[in-house]
Amino acid sequence: MNSDITFVLVGTTHSGNIGAAARAMKNMGFNELRLVDCCAHLTKDAFARSSGADGLLKAAMRFDSLDDAVADCQAVIGTSARDRHLAVPVMSCREVAEEWAQEKLNAGPDADAYGKTAMVFGRERSGLSNEEMDRCTRLLRIPCNPEFSSLNLGAAVQVVAYECAQASNRVSIMALDNGKPAKADTEDQDPTASGEAMQHFYEHLQRVMLNTGFLDPDNPRHLMRRVRRYFERNRPKASELNILRGILSATEKPFPRNKREP
Ligand code: SAH
């Protein structure tokens with residue numbers, strides 16, 4: 001059972017779709033469902049559409065905000081049928097699945113401590129809001145007919161869960177074939193910074209940007225959103241993030257100008 005991916009449904013209005021999502025997840029070996037601001041989910045419709053994934057449905061956790069739902073996740077993947085303005089990197093479902101499977105393999109026995117990946121699905125009518133997309137580290141699109149690209153919510157969960165299950169199998173088979181241990185590459189000994197560490201970094205960066213006058217609170221012009229997009233496109237390693245935090249902290253202290261002078 002794969003518990004390092006959590007499926008997050010935001011603002012679902014038809015409980016039958018929650019049941020269909022639960023069924024799709026269980027079919028592919030995933031078991032963790034989180035609901036943000038969704039309709040009641042333990043309904044007749046939901047149980048009927050879950051076709052026996054009752055346990056998964058009953059264990060679903062409810063949250064008031066997306067932030068709370070993904071607090072323990074190091075990667076937050078927003079899914080959308082549309083191209084979004086000012087969004088994080090757009091990837092196909094398969095690319096996201098491969099990236100997740102590879103990171104999981106690299107993390108090896110530390111995978112649990114490393115944090116979960118959240119796959120976030122939007123409302124039936126309007127998808128995810130721009131603010132919710134801002135919380136995401138990737139945008140996942142299921143490639144389909146450009147003139148008819150919006151899948152039913154349960155179907156979208158099915159495709160994402162299927163790709164992740166397949167990618168997980170492919171990557172473990174490759175590792176077995178090569179006879180390599182999970183942590184083969186020294187690069188990978190230094191894990192990618194966690195989602196929580198990135199959040200702290202963004203808060204720190206924003207504070208410095210405000211204090212130095214670089215960011216005008218009366219005219220922020222999407223600056224933080226663009227900065228986040230830059231760092232999420234190429235997420236730093238944990239050690240690299242420490243350097244960046246150190247630089248920020250140094251700007252908050254008085255500069256020792258006379259240090260080298262006799
Ligand atoms: N009218 C909405 C579509 C909502 S479909 C919109 O334009 O955004 C409900 C949810 O299913 C979406 O929010 C998304 O999470 C998922 N979904 C549907 N089609 C998708 C696709 N082609 N790629 C990725 N996610 C998709």
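The values are calculated or read from the model by the stated rules, or taken from the named source; none is laboratory data. Because the structure is predicted, anything quoted here is derived from the model rather than measured. So basically every Cβ, Gly included, is an ideal-geometry build from the backbone, and we count neighbours across all protein chains shown. With ligands, DNA and RNA removed, areas are computed over all heavy atoms of the protein, side chains included. Shrake-Rupley method; radii C 1.70, N 1.55, O 1.52, S 1.80 Å.
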Residues of the stretch 16-57 that turn out to be of a type in the set (D, E) and closer than 22 Å to E163 by Cα, as a count: 1
Given (1) within 8 Å of the ligand (Cβ to nearest atom); (2) at pLDDT below 95; (3) not hydrophobic (A, V, I, L, M, F, W, C), index of the condition E124 fails: (2)
Residue within the stretch 16-39 that is outside the structural domain of K237 (by TED's automatic domain parsing), at pLDDT 95 or above, small (G, A, S) and outside any helix (DSSP H, G or I) present: no
The listed residue being within 11 Å of the ligand (Cβ to nearest atom), open to solvent by less than 40 Å² (accessible area, probe 1.4 Å) and touching a Leu at 6+ places or on another chain (Cβ under 7 Å), out of V90, V96: V96
Residues within the stretch 130-150 that are within 9 Å of V76 (Cα to Cα) and open to solvent by 80 Å² or more (accessible area, probe 1.4 Å), tallied: 0
Output for the stretch 1-25, where each listed residue is over 15 Å from M119 (Cα atoms) and open to solvent by 20 Å² or more (accessible area, probe 1.4 Å): M1, T13, H14, R23
Count of the stretch 201-238 residues which are under 27 Å from K104 (Cα atoms) and either at pLDDT below 90 or not in a helix (DSSP H, G or I) (or both): 12
